[in-house]
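Down below is the structure, laid out as C-alpha cells.
The values are calculated or read from the model by the stated rules, or taken from the named source; none is laboratory data. Note that the structure is predicted; figures quoted are calculated from it, not measured. Here Cβ is always computed from backbone atoms with ideal geometry, including for glycine, and neighbour counts include all displayed protein chains.
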Amino acid sequence: MRSATVTALLVGSVLACGVAAGSAKPPSAHATSASFSYYGGPFDQVTAGTLDWGDFDGDGDLDLILTGVVNDNNDLVAWVYRNDGGLAFTRLTTAVQDAATPQARWGDYDGDGDLDLLIAGTGEGTGLSRLYRYDGGSTFTEILSGILEAHYASIDWGDQDNDGDLDVLLTGFPPSGPGGYSAICRNDGAGLFPDIGAGLVGVGYSGAVWGDYDSDGDLDALLTGFTDNSFLPATRLYRNDGNGFSWTRRLP
Ligand SMILES: [Ca+2]
Ligand SMILES: [Ca+2]
Ligand SMILES: [Ca+2]
Ligand SMILES: [Ca+2]
C-alpha cells in the first residue's frame, strides 16, 4: 500500500431539508436545526466496507479505519487515515491486513492509553480476525489474540467483567460448519481473548452490541442475525449476571 495525502474539495452545499430551491416558504425550526455539507475528497472509494473513528495517535482529532473492496479487480483494502487537521487525511502504510466486509473497531485493549484496532469479517474467501496493537507512528503490530475468524462478523468492545480491560463481543459465521457463532471473548491481560462459553445463540449476518440495559453497572449483550444457514432470524438480549449471561425473554 502507499501513503497519500489527500486534501478535500468542497463540491457542494445543501439546502435545508424539505425546502425546495426558490421556495418563499420559511423553513421550520426543525428543518433549520442542522445542516450538512458534502465533501467529496478526503477518502478513497470502497464498497462492501466498514469504518470507525478513533484518535489512535492521541493528538486530539479523530482518525479513521476504512475497509472494503476497490477497483475492478475486487482488491481488498484496510486503510488507516491519520487526521492532519482541516480536511487533510493521510492514508498510512501499515501492517493492517486488507479485508472486505469486516467490522473494524478501535479500542485500547492493553490499557496503555492509545487505541488499538480489531478487525473481524470476511477476507479473501475466508473469515478473519485480527487484533493490532498500536505502537506509535504508523506501526500496528498484530497480536495473536485467539479470537475466532468469522465471516460477516460483528464486533464490539466492552468491559463485561468490570476488571478494567476491554473484552470482545463477536458474532458471525465460523470458518467451517453450519450455523452462526457468538462469543464473549475475555481479555486475559496478556493479549489472549478466550471464549468464556457464555451460551449465546450463534448468529451470522449479524449485529452485536454491549449496553447496560438494566442499569445495574455491568454490560449486557444484544445480538441479532440469522441463527443458521436456513436463515432463521433471532434477536436476543442476554443479561449479565456476574457469573454468566441469561437470555431475557419477553413474557407472553
Ligand atoms: Ca488523531
Ligand atoms: Ca493501546
Ligand atoms: Ca474486562
Ligand atoms: Ca447490566
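Of the numbered criteria (1) crowded, with 22+ Cβ neighbours inside 10 Å; (2) within 16 Å of ligand 3 (Cβ to nearest atom), the one Asp161 fails is (1).
Scan Thr171, Thr224 and give me the residue that is of a type in the set (S, T, N, Q) and more than 23 Å from Tyr109 (Cβ to Cβ). Give the steps one after another, and end with the answer.
On the way: Thr171 fails: more than 23 Å from Tyr109 (Cβ to Cβ).
Just one listed residue meets the conditions, Thr224.
So that you can scan it fast, the table gives a plain yes or no per residue for (1) acidic (Asp, Glu); (2) out of contact with any Pro (no Cβ under 8 Å at 6 or more places or on another chain); (3) on the phi < 0 side of the Ramachandran plot; (4) surrounded by 13 or more Cβ atoms within 10 Å (Cβ to Cβ):
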| position | (1), (2), (3), (4) |
| --- | --- |
| Ile143 | no, yes, yes, yes |
| Asp156 | yes, yes, yes, yes |
| Asp165 | yes, yes, yes, yes |
| Gly172 | no, yes, no, yes |
| Gly179 | no, yes, no, yes |
| Phe231 | no, yes, no, no |
| Arg249 | no, yes, yes, no |
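With respect to being away from ligand 4 (no atom under 16 Å from the Cβ), at pLDDT 95 or above, within 21 Å of His151 (Cβ to Cβ) and among the acidic types (Asp, Glu), Asp165 falls outside the description. None of Gly217, Gly199, Gly191 is on the phi > 0 side of the Ramachandran plot, in a loop (DSSP other than H, G, I, E, B) and touching an Asp or Glu at 6+ places or on another chain (Cβ under 8 Å) except Gly191. Taking region 168-188 as the range and being modelled with pLDDT under 95 and not in a strand (DSSP E or B) as the test, the residues that pass are Pro174, Pro175, Ser176, Gly177, Pro178, Gly179, Gly180. Scanning region 202-214 for residues that are at pLDDT 95 or above and outside any loop (DSSP other than H, G, I, E, B) yields Ala208, Val209, Trp210, Gly211. Here is a check on your reading of the model: is Leu66 at negative phi and surrounded by fewer than 21 Cβ atoms within 10 Å (Cβ to Cβ)? Against the criterion (at negative phi and surrounded by fewer than 21 Cβ atoms within 10 Å (Cβ to Cβ)), Leu66 qualifies.
Anything in region 91-133 that is part of a strand (DSSP E or B) and among the acidic types (Asp, Glu)? List them, or say none. Don't jump to the end; show me each part of the working.
Keep residues of region 91-133 that are part of a strand (DSSP E or B), which gives 91, 100-107, 116-122, 127-133.
Passing the criteria: only Asp116.
Checking each residue in region 215-233 for being at pLDDT below 90 and either small (Gly, Ala, Ser) or within 16 Å of ligand 1 (Cβ to nearest atom) (or both) picks out only Ser230. Note on region 220-252: residues that are part of a loop (DSSP other than H, G, I, E, B) and either more than 16 Å from ligand 4 (Cβ to nearest atom) or in contact (Cβ under 8 Å) with a residue 40 or more places away in the chain (or both) amount to 11.
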